[in-house]
1. Looking at G238, G189, G256, G217, which is the one that is of a type outside the set (D, E) and on the phi > 0 side of the Ramachandran plot?
2. Any residue at all in the stretch 401-410 that is touching a Phe, Trp or Tyr at 6+ places or on another chain (Cβ under 6 Å), within 27 Å of A517 (Cα to Cα) and not acidic (D, E)?
3. Quick check on my filter: what residues within the stretch 74-86 are touching a residue at least 60 places away in the same chain (Cβ under 8 Å), in a loop (DSSP other than H, G, I, E, B) and under 16 Å from T741 (Cα atoms)?
4. Looking at (1) under 26 Å from Y509 (Cβ atoms); (2) outside any loop (DSSP other than H, G, I, E, B), can you tell me which one T70 breaks?
5. Kindly indicate whether N693 is on the phi > 0 side of the Ramachandran plot and modelled with pLDDT of 95 or more.
6. Quick one: count up the residues across the stretch 397-419 that are assigned to a strand (DSSP E or B) and either among the hydrophobic types (A, V, I, L, M, F, W, C) or closer than 19 Å to T477 by Cα (or both).
7. Restricting to the stretch 700-729, and then to whatever is among the hydroxyl-bearing types (S, T, Y), assigned to a strand (DSSP E or B) and in contact with a strand residue (DSSP E or B) (Cβ under 8 Å, 6 or more places away or on another chain), can you tell me which residue is surrounded by the fewest Cβ atoms within 10 Å (Cβ to Cβ)?
8. Does T690 satisfy the criteria of being surrounded by fewer than 17 Cβ atoms within 10 Å (Cβ to Cβ), β-branched (V, I, T) and in a strand (DSSP E or B)?
Amino acid sequence: MHPHKPLRHVLLALGVSSGALFAQSTPAPATGENAVVLSPFTVEGTAAGRYQATEATSGTRVRVSLFDSTQSVSVVTRDLIEDIGAGRVVDAAKYVAGVYESTIPNAQDRTTIRGFQNDGATVDGFSYFSFANVDPVLIDRIEVVKGPNAIMAPQGVPGGTVNLVSKKPFFSDRGSLSAQVGLYSSTRGELDVNRVAPGGKLAVRIAAAVQDAKDYGQGNFHQGVIAMPMFTYKFSPGTQLTMQAEIYNWRALNYGGIPISLYATSTGGSRLLENIPRDYVLQRRDVTRHQSAQHYRAFFTTSFSENFSMRIAANLIQSNAESSQFNIGAATVQVTTTDAATGLRVWDGVTRNDSPVFPLGGSINWQKRTYANFQNDFVYEVKTESVKSTTVAGYAINFAATYNEKNQNFTVASPQSLAGYVYAPFTMTNVTGINTRYFRDQQIYLNEVLSLFKERLLLSAGLSRDWYFSQNFDQITTLPANRITNKPNATLPSAGVVFKLTKEIALYYGYSEQATAINLSVTSANFFTTQTSKQNEVGLRTQLLDNRVYASVAYFDIKQNNFSIPNPANSAVPVPSPALPPLFSDRLAHGVEFEFNYAVDKNLSFVGNATVMKNRDANNMPFRGTAEKSGALWTNYTFDKVGALSGLSAGIGVDYLAKRAGDNAGGVTSASTPTNIIRVQPTFWLPARTLVNASVTYRIDQHWRTQLNLDNVLNKDYLQSSTGRQNVWVGTPFNAKLTLTYSF
């Protein structure tokens, strides 16, 4: 294979298409020289409240009304991101039903959507993996598409896609500077400046941030510098080009959590290991994640006529990363066992180990990644008095490569007591893998939406045809087994209907599919080529009081096959060499979600959600990190601009997660027979928790504003997330962050 051939195809297609576009005649003029032509590929509408949005582009790559969508689509506005002082995407996205904290809180933008783990980031429809969390300074809004989506994310996560819509230049002069200090995860400065060049055709903007944050835990930290310069040039009212360059350098302690109590069982006792403090951190500054990258994005939109428009989007990422991982193995003397008759982890109440020692060790990963993406979309709209037709078609090419990814183990003196551990440098040992991976997918799609009877009935149908190429080249495995190639293809249909009982109440049904090529490894013991997902969703929406109230309730049913989970044996000390293959299972998810957004008046706003669901394997076993009940509520009140409280606003929020399996269930007990399979249960659960957050903002004058965010107001002790019994992240206690902003 020639790894750069797909990249050449992407760049060639971009050049040919762009050349044809710039050579074309000027689109049909709008009425008036300066008339605004709203592209079907952008969202620029206003809403009734600060937390409300009426449209999104993430479902089918074109603008669609949330009320008219055949799939659940939710939007988190910039106002909400700022009011809650979001330091991570999930801090804001949790106000969308079914979205909450996943297994690793300090990297990879890892979230859970409808019980499925979402790893990595999607920005402006382009997905990529990164150790670094996306900095909120770059984000204009968050659009969450629930469930499989064959057009936007044909190889995405079946729970849905969190699409981060980046900031873009706008045609008015504006800017801001801010500085933040606080107890944890703060100490940062931000810059966001937009300027319009003389003549009004060119807008230039830069968003940037620098951070050197102390995180909760002894010596825990993350730091980074990021800048995104960009410009938009308007060739005509209906044609414009936007280009962005995102550059960052990020480093964070690779804090991997601490062990759960040895006495924790499948039915209780989920507390931290005794005799160490809650803020205990084993790792030191030579155990970090470090990543530097450059992202380049381009968006070109044009209108050939009043009805016919086109979009070209391209993305290129070059990334270098290094990650050191310091593992804590299982205690050398255990006090709990797996009950053969029930599969539960139990303690006999007698056996004790009050001075446990743990084997220690780990590994270092080096990787260089390249992503290249190209999308070309066309939309044709026809509207009569009673019928509206929207036809969207396009193609996309996506290429990803990881070059010479190297994994090497290290050892330290062990076993050790964590309570008395004295840190010592580690010793490098065996190389467990040097891998080069290529992935390519090509897509063509067609989607049609018919609005009938004056938009009372909407019918939608789509088809996406995808061709995948996946290859893993292991440089330390003996030929001919060192190279595995997977070349499946898939045809993915989608369909839906929206029926408006009145103009304020709508019923909808949607069906969607996804298929992901499995990147097989040399050690893989399976022969699956794809992982497929199918969703049926039905719901009810309402928008009342001049759209100041928007609410929806949805029932979803998702079926996924060939779902893989990390093999827990790979967290052992010493680390297995070579690494053991993942475990595979079918997965079933279904549940009910409720969302609402209410702008009571210009001063008072509410946004909230609740979800009740199940996400289990074919044997009804839960998955790690999945809460089957969740909910969140945020409200904000802004005082009138006159009087003693002028310029003051306050917000308060609460979010709830039910108990979550702390590790993945796996295997069967010794008492199992062919006719009586007894599965091993999760060995412990993270207890349910409820957190309260608040904010107070005071606008001093037209230029100066200060904001105080108070997280975990009640100073709740809780376990935030986990990947296993030795890797439990402790929730941050009460945290205060003060931000001062100057606008100009």
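The values are calculated or read from the model by the stated rules, or taken from the named source; none is laboratory data. This is a predicted model, so every value here is computed, not measured. Positions of Cβ are generated from backbone atoms using ideal geometry, with glycine treated the same way; all protein chains shown enter the neighbour counts.
1. G217
2. Yes: the stretch 401-410 contains one or more residues that are touching a Phe, Trp or Tyr at 6+ places or on another chain (Cβ under 6 Å), within 27 Å of A517 (Cα to Cα) and not acidic (D, E).
3. I84, G85
4. (2)
5. Criteria not met by N693.
6. So the count comes out to 13.
7. Filtering first and then ranking leaves T706.
8. Considered against the rule, which asks whether it is surrounded by fewer than 17 Cβ atoms within 10 Å (Cβ to Cβ), β-branched (V, I, T) and in a strand (DSSP E or B), T690 comes out as yes.
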